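The values are calculated or read from the model by the stated rules, or taken from the named source; none is laboratory data. Values in this document were obtained by computation on a predicted structure and should not be read as measured data. Ideal geometry is used to build each Cβ from the backbone, glycine not excepted, and the neighbour counts take in all protein chains shown. The accessibility values were calculated without ligands, DNA or RNA, using every heavy atom of the protein model including side chains. Shrake-Rupley method; radii C 1.70, N 1.55, O 1.52, S 1.80 Å.
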Amino acid sequence: MKYSQRRQKAVELISELSLDALIFCQPENIRYLCGFSGSDGVLIVTPDHLVFLTDSRYTTQAHEEVTADRVAEYTIQAEGVIALLTSLQVKRIGFEAGLAYGVVKGFQKQGDPDWLWLHFKDELQSLRLHKAMEEVNAITAAADLNVAGFAEIAAMIRPGSREKDIALALEFALRKLGAEEKAFDIIVASGKRGAMPHGVASDKLLAEGELVTIDFGCRLTGYHSDETVTLALGEVSDELRGIFDTVLEAHDRALAAVAPGVALADLDQLAREYIKANGFGGYFGHGLGHGVGLEVHEAPTVSPRSTAIAETGMVFTIEPGIYVPGVGGVRIEDMVLVTADGHQTLTKIPKTFRNILLN
Ligand code: ZN
Ligand code: ZN
């Protein structure tokens with residue numbers, strides 16, 4: 001059922017783009033359209049055919065997982081793809097812009113010289129932009145793992161603990177609870193390191209009076225979670241508290257505004273203007289958020305340059321931050337689903353100010 005609906009989306013896209021066939025090589029797109037969870041294969045879709053091709057390493061797995069008209073095996077990828085395209089009598093062939101240049105060249109060299117090869121990027125994003133119920137459930141399950149994993153390591157977040165040890169313990173906890181993988185290298189940035197938006201965990205020890213930012217997530221049944229918690233290790237300076245309160249309020253305001261019809265650029269502006277009005281305008285350098293799904297960073301982007309409008313079924317993050325060099329930083333991040341009547345926050349760890357030495 002879900003694969004026939006997804007196939008329909010791909011067929012509509014083929015028609016919109018005036019193509020005869022679309023070739024997918026990106027694992028997330030392949031998984032979305034036919035269920036294959038391995039890392040190597042090619043999916044060819046035409047208005048009437050959906051064929052998955054892979055090599056002998058994956059044939060058994062493909063027969064178990066894939067919903068397609070046919071699973072074909074190749075020895076040399078380009079030869080297998082070209083033979084199939086020839087049999088389907090196509091002329092205008094679309095492919096993902098991210099496909100390696102060498103692979104495209106290989107296809108072109110072996111294919112009919114009259115064929116037209118066209119690359120697409122933004123056009124393909126519409127495929128996975130709106131999450132169906134089963135996808136929302138998968139993302140929610142990954143977010144729930146965050147809650148359980150974080151609870152397991154919460155006692156470690158104390159002065160004297162090493163950032164790297166916290167990151168490792170959190171990854172281990174998530175995996176032990178059933179996650180397939182961490183979503184990305186876990187960020188644990190304490191004290192002045194908090195001023196680095198992507199400060200992966202270091203050998204630094206947490207110290208009293210600091211803030212610590214932990215940005216993490218996991219993958220479950222292919223879908224990701226992503227959230228960021230900033231905690232206080234005891235009493236912090238008024239300056240740090242002011243930064244925290246500003247980020248939290250910016251986060252809360254943007255989150256509260258999420259609803260169908262709202263421009264994503266306006267959500268970004270809401271948070272950005274608030275941060276600016278509080279004197280930290282120069283210290284929020286990244287976009288407000290990003291889509292999450294089969295990829296941890298996917299469409300839509302929530303930034304000043306976003307042109308998209310929030311629509312029911314979109315899942316994206318709201319993650320404002322303030323990063324003051326030499327002082328520290330705060331980021332607070334939740335994942336939100338756009339629903340018909342507004343939104344639903346999918347991540348569940350509380351984001352309010354918390355002095356971890358008190359409670
Ligand atoms: Zn994150
Ligand atoms: Zn994020």
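Summary table below
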quantity	calculated
Elements of type strands (runs of 3 or more DSSP E) contained in segment 268-359, each with 2 or more residues being touching a Phe, Trp or Tyr at 6+ places or on another chain (Cβ under 8 Å) and more than 13 Å from ligand 2 (Cβ to nearest atom)	321-324, 328-331
Qualifying positions in segment 185-195 - more than 10 Å from ligand 1 (Cβ to nearest atom) and buried (at least 16 other Cβ atoms within 10 Å of the Cβ)	VAL188, ALA189, SER190, GLY191, LYS192, ARG193, GLY194, ALA195
Extreme residue, surrounded by the fewest Cβ atoms within 10 Å (Cβ to Cβ), among residues of segment 213-222 that are within 15 Å of ligand 1 (Cβ to nearest atom) and not small (Gly, Ala, Ser)	ARG219
Subset tally (residues that are hydroxyl-bearing (Ser, Thr, Tyr) and either within 13 Å of ligand 1 (Cβ to nearest atom) or open to solvent by less than 10 Å² (accessible area, probe 1.4 Å) (or both)) for segment 295-348	3
Which numbered condition ALA256 misses (of (1) crowded, with 16+ Cβ neighbours inside 10 Å; (2) assigned to a helix (DSSP H, G or I))	(1)
Residue, farthest from LEU116 (Cα to Cα), within segment 71-97, restricted to residues that are touching a Leu at 6+ places or on another chain (Cβ under 8 Å) and open to solvent by 80 Å² or more (accessible area, probe 1.4 Å)	GLU73
